[in-house]
Amino acid sequence: MSPAPRTSAAHVLPTITTDPAVTTALAADLDDAGFTVERIDALWGAEAAASLHRGSRVAALRALATRETTPLTTLATLFVLGLPVDRAEAARAFPAAGLDGVLAAGLLRVDEDADDAGLPDTAHERVHPTVDLRPYAFVDDLGAGSWWIASDLGELALGTALGEEHVLGIGGATTTLSGLQVPVPVRRVLDLGTGCGIQAMHARRFADQVVATDISRRALDIARFNAQLNGIDGIDFRLGSLYEPVAGERFDRIVSNPPFVITPRRDDVPSYEYRDGGMVGDALVETVLRGLVDHLEPGGTAQLLGNWEYHWGVDGLDRVRSWFDGADDVDAWVVEREREDPPAYAETWIRDGGTKPGTAEFDTLVGAWLDDFSARRVTGVGFGYVVVRRPRPVGPGRPGGADRLRRFERVPEALGSNPAGLGATVARVLDAAEWLAGQDDAALAAAHLRVAGDVTEERHYWPGNDDPTVITLVQGGGFGRRVDADTALAAFVGACDGELSVAAITGAIAQITGADEAALSADLLPRVRDLVLDGLLLAPTS
């Protein structure tokens, strides 16, 4: 028996259409109703919102039961809770777009049972949502913004496992990647595997034009609808796999949350378009990374999410490093945020598809995943972020043959609960790497550095001792790095105010401590480079 989910007749996916007259009127209705994150949260409160996040609607429904029916409560019931409402209530919620217009757009359907019951009129028909449509708020370098984002109904609304054509909405990966995007204006951006279009919409805020691709026609329909609903133009939606729709084209920026989930290639395992690229293991991520250089303009950057496998005797980050072997014309920075063992990885993604633990289907799928991992000698799966840059041509300030950035690290606490603003950190790191590549030790010693404004220092002492036993430099923003320091490095960082050169500060510390200046310089310079790269120290051009 195949455990792959099937779409029931009641959940046949409708075609989402984009009539400008309907989307303009619908936006007015949503705006007039106060369909915002703040107003929705206020409807049922923080506890009910948290309960919804855990997959239960009970608390939210109890809160709504105490409130008067308004267009806002109707919209929240339909599109956030995924529950039907009376036709008359639905009609009042769409005075500008009209209920018939919203039905025609594919966002709602009328209860088929009510139609078949031979009712004399439509007064008691029930209207059901066919999509999830909810407000979304964000903050980036251009300020605060808000949109409405449509996607397919989730497991809670459907009451069944997801269909294989499911189009995912806003999730943790969404905010992670949007926060990782570099907030620097550019001409053209590629969003590879756009899904519901959210990354393309974010990218458009900093780009003249965005090309958004996907293998799913339904995803492109929904992404096009979302852009139009929010009045966003300048996005070219194209159907196709990976780089096929942009063959021969180059971009100033590429962003992607590709369908990287490692899935057994078996007929009895569902293949979800939104997360499964159809390749074995992590081959899709490897393919995407290897293809970046052919589609980046000089100076162009890429920010992506991905998975990579650990094999018996082979470290996962070493495997990713090998994908850049021979790519001397790109900088690469990979951050692994977490690692899961095979059972945990399998269970995570099987639950994500809506199959519940404790069922025969769940156990069958776990067995399929573990068989696949065992056959390919996989011992774990890493997840994280990849930043790639194609450097500008050799010129003043960057000597020919400068070493490319190769940074592969594990930062488990990389984002914490707030990924916003990491894009600016990424931009600073890339700028610092480019600056450092042009500085030999003599040039670095002559540089005037400044300590970043978010850096603080922690000191710990044994009781009664005057000298610290532990000194830690703490970065308040970015990746929140904590760097162990000795007294010499702490003194050096404390003196970096842009007035004195690295050599002058080193000489002063050597004179005060009685250390050999040449030996102290040899010890400090590599660590100073790391602090500049991490953003704790700022280069003169920063």
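Numbers below:
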| read-out | value |
| --- | --- |
| Two-decimal Rg to Rh for the stretch 419-539 - Kirkwood Rh, Cα set | 0.98 |
| Cα-derived Rg to Rh of the stretch 324-397, Kirkwood definition | 1.24 |
| Percent of Cα-Cα distances greater than 12 Å, calculated over the stretch 304-356 | 73 percent |
| Over the stretch 250-305, volume per residue of the alpha carbon convex hull, in Å³ | 70 Å³ |
| Mean residue ellipticity (222 nm) of the chain, computed from DSSP H runs ≥ 4 via -39,500 (n - 2.57), nearest 500 | -10500 deg cm²/dmol |
| Protection-proxy order for peptides 225-232, 470-477, 253-260, each taking the mean of Cβ atoms within 10 Å per residue, highest first | 253-260, 225-232, 470-477 |
| For the stretch 37-78: Kirkwood Rh in Å [reciprocal of mean 1/r, alpha carbons] | 10.2 Å |
| Reciprocal of mean inverse Cα separation for the stretch 470-527 (Kirkwood radius, Å) | 12.2 Å |
| Local net charge near Arg265, Cβ-Cβ under 14 Å (Lys/Arg +1, Asp/Glu -1) | -4 |
| Dimensionless Rg/Rh of the stretch 220-346 - Kirkwood Rh, Rg from C-alpha atoms | 0.99 |
| Test item: Cα-centred dipole of the chain, Lys/Arg +1 and Asp/Glu -1 on Cβ, debye | 380 debye |
| Added length on full extension, which subtracts the Cα-Cα distance from 0.36 nm per residue, Thr69 to His53 | 3.4 nm |
| Whole-percent carbon and sulfur share, accessible surface of the stretch 133-233, 1.4 Å | 50 percent |
| Nearest 10 degrees, 0 to 90: helix 342-352 Cα axis against the chain principal axis | 40 degrees |
| Virtual spin-label span in nm between Glu517 and Trp312, 7 Å along Cα→Cβ | 5.8 nm |
| DSSP bridge orientation in the chain - percent antiparallel, rounded to nearest 5 | 65 percent |
| Whole-Å semi-axes of the stretch 103-236's equivalent ellipsoid (Cα gyration tensor) | 34, 15, 14 |
| Sulfur and carbon atoms: percent of accessible area, the stretch 465-542 [1.4 Å] | 52 percent |
| Longest to shortest principal axis, alpha-carbon extents of the stretch 272-341, angstrom | 38, 31, 20 |
| Contour minus Cα-Cα distance for Asp484 and Asp328 (0.36 nm per residue) | 52.9 nm |
| For the chain, projected area of the alpha-carbon convex hull averaged over all directions, nm² | 30.7 nm² |
| Spread of Cα-to-Cα distances over 5 Å intervals beginning at zero, given as percent, for the stretch 326-365 | 5, 18, 21, 12, 8, 9, 9, 8, 6, 3, 0 |
| Proximal charge balance of Thr69 [Cβ under 10 Å; K/R count +1, D/E count -1] | -1 |
| Whole-Å semi-axes of the stretch 445-494's equivalent ellipsoid (Cα gyration tensor) | 22, 15, 8 |
| Dipole-positive endmost among Pro270, Asn226, Leu305 within the stretch 181-321 (Cβ charges, Cα centre) | Asn226 |
| Antiparallel DSSP beta bridges within the stretch 147-281, as percent of all bridges there, nearest 5 | 5 percent |
| For the chain, accessible area per residue (1.4 Å probe, heavy atoms of protein chains only), Å² | 44 Å² |
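The values are calculated or read from the model by the stated rules, or taken from the named source; none is laboratory data. On a predicted model such as this, the values are computed, not experimentally measured, just so you know. Every residue, glycine among them, receives a Cβ derived from its backbone with ideal geometry; neighbour counts consider all protein chains shown. Calculation scope for accessible area: heavy atoms of the full protein, side chains included, ligands and nucleic acids excluded. Shrake-Rupley method; radii C 1.70, N 1.55, O 1.52, S 1.80 Å.
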